[in-house]
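Undergrad: First the structure, then my questions, so here it is.
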Amino acid sequence: NRVTGESIDIKPRVSEALRWNWDAPLIISKYDSKKLYFAANKVFVSTNRGDKWDLISGDLSRNIDRNELPVMGKVWGLETVAKNKSTSIYGNITYLVEGMKGELVAGTDDGYIYRTSDDGNNWKLIGNGNYPGTQNWKYKAENKAGKMVEYEVFPYISSLQVTESGRIYAVLDNHKQGDFASHLVY
């Protein structure tokens, strides 16, 4: 409330643990201003400005446990300094966009792109992380035995756009590997 300064938390409340991005996608439908979409590793919809939320997708990520991923050639324990304070929770939706009425497209931080054309009743994987120009995206590190090992790096979907014709453009991010170039796929 701009006059009183009162605010309410509209984040979906569920009993299961969800993986939220630090800037989790929240969008207002361009077809109904009371309809909101919010995404963690799953997508929610509210038809009453966030008072009540309905789950409209399953887990759209690869569901990889980030605590099992090597960083600097090592899998670090939960006691690692700032591991759960300043690092991203992996395996969540990073971008959500509405296309035509009933159509949503979701992109994840682990390379997946999903589309629904029926208000979330059915989701189809349309991008599996194997995009042109990303075949060499690898994280290289030295393991304890002094050998160089490679780990696959999945593209981070940092932006999506749906055109009126239904074509989807995705911006891929690889900054965590020191690659600051622009990567656009459709």
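Undergrad: Output the residues belonging to segment 7-57 that are hydroxyl-bearing (Ser, Thr, Tyr), open to solvent by 60 Å² or more (accessible area, probe 1.4 Å) and either touching a strand residue (DSSP E or B) at 6+ places or on another chain (Cβ under 9 Å) or over 26 Å from Asp110 (Cα atoms) (or both).
TA: Of all residues in segment 7-57, those hydroxyl-bearing (Ser, Thr, Tyr) come to 7, 15, 29, 31, 33, 37, 46-47, 57.
Checking the rest, the ones that are also open to solvent by 60 Å² or more (accessible area, probe 1.4 Å) come to 7, 15, 31, 33, 47.
Those that are hydroxyl-bearing (Ser, Thr, Tyr), open to solvent by 60 Å² or more (accessible area, probe 1.4 Å) and either touching a strand residue (DSSP E or B) at 6+ places or on another chain (Cβ under 9 Å) or over 26 Å from Asp110 (Cα atoms) (or both): Ser7, Tyr31, Ser33, Thr47.
Undergrad: Looking only at segment 58-74, which residues are touching an Asp or Glu at 6+ places or on another chain (Cβ under 7 Å) and modelled with pLDDT of 70 or more?
TA: Matches in segment 58-74: Ser61, Arg62, Ile64.
Undergrad: Mind checking which pairs have a first residue in segment 107-129 that is closer than 14 Å to Tyr95 by Cα and a second that is in a loop (DSSP other than H, G, I, E, B) and charged (D, E, K, R), Cβ under 6 Å, 6 or more apart or different chains?
TA: Correct list of pairs: Asp110/Arg62.
Undergrad: Here is a follow-up. Out of (1) in a strand (DSSP E or B); (2) at pLDDT 75 or above; (3) not polar (S, T, N, Q), what's the single condition that is false for Phe154?
TA: Exception for Phe154: condition (1).
Undergrad: Lys74 passes all but one of (1) surrounded by fewer than 13 Cβ atoms within 10 Å (Cβ to Cβ); (2) among the basic types (Lys, Arg); (3) under 17 Å from Val105 (Cα atoms); which number fails?
TA: (3)
Undergrad: I'm checking my understanding of the structure. Among residues of segment 75-132 that are at pLDDT below 85 and charged (D, E, K, R), which one is farthest from Gly166 (Cα to Cα)?
TA: Filtering first and then ranking leaves Glu79.
Undergrad: Go through segment 24-64 and report how many residues are polar (S, T, N, Q) and under 10 Å from Pro12 (Cα atoms).
TA: So in segment 24-64, the residues polar (S, T, N, Q) come out as 29, 33, 41, 46-48, 57, 61, 63.
With the extra rule that they be under 10 Å from Pro12 (Cα atoms), the set shrinks to 46.
The total comes to 1.
The values are calculated or read from the model by the stated rules, or taken from the named source; none is laboratory data. Just so you know, these numbers come straight off a predicted model, no measurement behind them. Cβ: placed from backbone, ideal geometry, glycine included. Neighbour counts: every protein chain shown. In case anyone asks, the SASA skips ligands and DNA or RNA and just uses the protein heavy atoms, side chains included. Shrake-Rupley method; radii C 1.70, N 1.55, O 1.52, S 1.80 Å.
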